[in-house]
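Each reported figure results from applying straightforward, stated rules to the coordinates on display, with no laboratory input. Worth saying up front: this structure is predicted, and the values here are computed from it rather than measured. In this analysis, Cβ positions are derived from the backbone assuming ideal geometry, glycine residues included, and neighbour counts consider all displayed protein chains.
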Amino acid sequence: DKVYLNGSIVNSGDAKISVFDRGFIFGDGLYEVMVQINGRFFYEKEHLARLQSGLQKINIEFCVSSLKNEIIGLLKAAALSDKDCLLYIQITRGVAPRQHSFPAHIKPTVMMYAVPKVLPEINTINAHVITRNDFRWSRCDIKMTSLLGNVMLNEEAMQYECFETILHRNGVFTEASHSNLFFVKNGVVYTHPADEYILNGITRIVVIELCHSLGIEIKEIPLATEEINTIDEAFLTGTSTQIAAIQKIDNHLLFKGNEKGPVTQRLQEAFLKLK
Ligand code: PMP
């Protein structure tokens with residue numbers, strides 16, 4: 001398995017990073033994940049633009065478009081050029097003696113790898129989810145590598161043999177530990193607005209566009225936790241999750257067996273056609 005590290009493509013065992021890398025010490029870095037389907041990256045421009053805008057938010061100077069050729073080279077070296085695969089990109093602030101403030105004249109560490117991944121045509125996930133208090137920080141719009149909050153909240157779902165943990169903060173649902181969250185009520189789709197309490201998922205943006213083009217009413221308004229028993233459907237979105245129907249929220253069963261809601265199904269079918 002090949003890894004791209006600071007301009008070179010090496011075997012993963014030979015990819016070495018300093019223990020003083022601020023990504024390791026502080027989680028001071030960002031990442032991005034995108035999927036190649038049928039020889040092209042799905043919404044590549046949007047993924048790379050989010051990474052670039054994240055870097056600007058945390059003051060790391062790096063031009064993401066310089067990665068385009070490097071990505072092609074990495075895929076070639078990994079024999080994945082024409083294969084369905086996931087690409088992981090991580091950029092940290094770089095290596096410097098430990099100090100909190102941003103060091104001057106520091107060079108970002110750039111790492112990428114790709115793994116084969118064929119996403120299912122038909123999404124058969126019928127997710128059981130648990131609800132938890134969103135105790136993460138208040139800049140969830142930054143796709144940072146410090147995912148301890150997300151990791152701890154996701155681990156709880158695993159303990160309960162659930163697919164995801166959906167999160168609420170100040171009485172409203174925000175998102176899930178590694179996906180965005182949508183509800184359907186009386187034919188209207190609801191999702192939390194893209195502010196600092198959620199990551200603005202690329203799949204989320206695609207689903208909002210699909211709602212517009214299908215004539216489904218979509219409101220970027222958060223659902224209050226006390227409204228949970230009044231919803232008709234719920235689903236999760238993410239790059240590898242795609243659009244996953246939610247079957248059960250805590251003890252509240254929305255659908256039995258393989259059933260899912262009509263709006264979720266319509267969006268899943270329209271999503272398939274984009275690939
Ligand atoms: N929210 C969180 C917290 C995430 O980690 C992710 C990505 N895994 C998403 C939402 C979905 O984003 P995207 O659709 O861009 O994969």
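Return the residues of the stretch 137-163 that are farther than 14 Å from residue 179 by Cβ, in a loop (DSSP other than H, G, I, E, B) and among the charged types (D, E, K, R); say none if nothing qualifies.
Scanning the stretch 137-163 gives 139, 141, 161.
Please work out if residue 154 is touching a Gly at 6+ places or on another chain (Cβ under 7 Å), within 10 Å of the ligand (Cβ to nearest atom) and of a type in the set (S, T, N, Q).
Here the answer is no, as residue 154 does not meet what is asked.
Being out of contact with any helix residue (DSSP H, G or I) (no Cβ under 9 Å at 6 or more places or on another chain), within 15 Å of residue 33 (Cα to Cα) and within 16 Å of the ligand (Cβ to nearest atom) narrows it down to one residue among 87, 119; which is it? Talk me through it step by step, then tell me what you get.
Details: 87 fails: out of contact with any helix residue (DSSP H, G or I) (no Cβ under 9 Å at 6 or more places or on another chain).
After applying the criteria, what remains is 119.
Out of the stretch 178-191, which residues are within 15 Å of the chain's Cα centre (by Cα) and either more than 9 Å from the ligand (Cβ to nearest atom) or surrounded by fewer than 24 Cβ atoms within 10 Å (Cβ to Cβ) (or both)?
Within the stretch 178-191, 178, 182 qualify.
Residues in the stretch 193-204: is at least one among the β-branched types (Val, Ile, Thr), closer than 15 Å to residue 241 by Cβ and in contact with a Leu (Cβ under 8 Å, 6 or more places away or on another chain)?
For the stretch 193-204, residues among the β-branched types (Val, Ile, Thr), closer than 15 Å to residue 241 by Cβ and in contact with a Leu (Cβ under 8 Å, 6 or more places away or on another chain): absent.
Please work out which residue is surrounded by the fewest Cβ atoms within 10 Å (Cβ to Cβ), limiting yourself to the stretch 223-244 and to residues that are in a helix (DSSP H, G or I) and in contact (Cβ under 8 Å) with a residue 60 or more places away in the chain.
As a first pass, look at the stretch 223-244 and keep what is in a helix (DSSP H, G or I): 225-230.
Next cut, in contact (Cβ under 8 Å) with a residue 60 or more places away in the chain only: 225, 228.
On the way: 225: 14, 228: 17.
Filtering the stretch 223-244 for residues that are in a helix (DSSP H, G or I) and in contact (Cβ under 8 Å) with a residue 60 or more places away in the chain, the one surrounded by the fewest Cβ atoms within 10 Å (Cβ to Cβ) comes out as 225.
Keeping to the stretch 17-59, report how many residues are of a type in the set (Phe, Trp, Tyr) and surrounded by fewer than 15 Cβ atoms within 10 Å (Cβ to Cβ).
1
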